[in-house]
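Data first, discussion second: the structure below is written as structure tokens.
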Ligand SMILES: [Zn+2]
């Protein structure tokens, strides 16, 4: 039996090009990998999404957003 838990994390993204700022809430799925460590997969409403720090596209201008902080 593996342990898993889901933690909601809200990240703030900032676009360096158009300076739009937006927040996105990710589900961080922590799953025990059996070696005493936990692996994290990122999901949005159950769907796999890229990690929040992997330069998500800006919803305003579609350029990759850079500065990302967790709240
Ligand atoms: Zn932008």
Note to self: Looking at residue 28 and the list (1) exposed (fewer than 12 other Cβ atoms within 10 Å of the Cβ); (2) free of Cβ contacts under 8 Å to residues at least 60 places away in the same chain, which single condition is not satisfied?
What the structure shows: (1)
Notebook entry, point to check: With respect to residue 35, is the statement that it is within 29 Å of residue 61 (Cα to Cα) and over 8 Å from the mean Cα position of the chain (by Cα) true?
Noted result: no
Item checked: residue 30 vs. criteria more than 16 Å from the ligand (Cβ to nearest atom) and out of contact with any strand residue (DSSP E or B) (no Cβ under 6 Å at 6 or more places or on another chain) -> no
Check: Of the residues in segment 33-59, how many are exposed (fewer than 14 other Cβ atoms within 10 Å of the Cβ) and within 13 Å of the ligand (Cβ to nearest atom)?
Finding: 2
Next item on the list: Kindly indicate whether residue 23 is in a strand (DSSP E or B), in contact (Cβ under 8 Å) with a residue 40 or more places away in the chain and exposed (fewer than 12 other Cβ atoms within 10 Å of the Cβ).
Entry: yes
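Throughout, read-outs are computed from the coordinates displayed, never taken from laboratory work. Keep in mind that what you see is a predicted model, and the values were worked out from it rather than measured. Quick reminder, even Gly has a Cβ in these numbers, built from the backbone with ideal geometry, and neighbours come from all protein chains shown.
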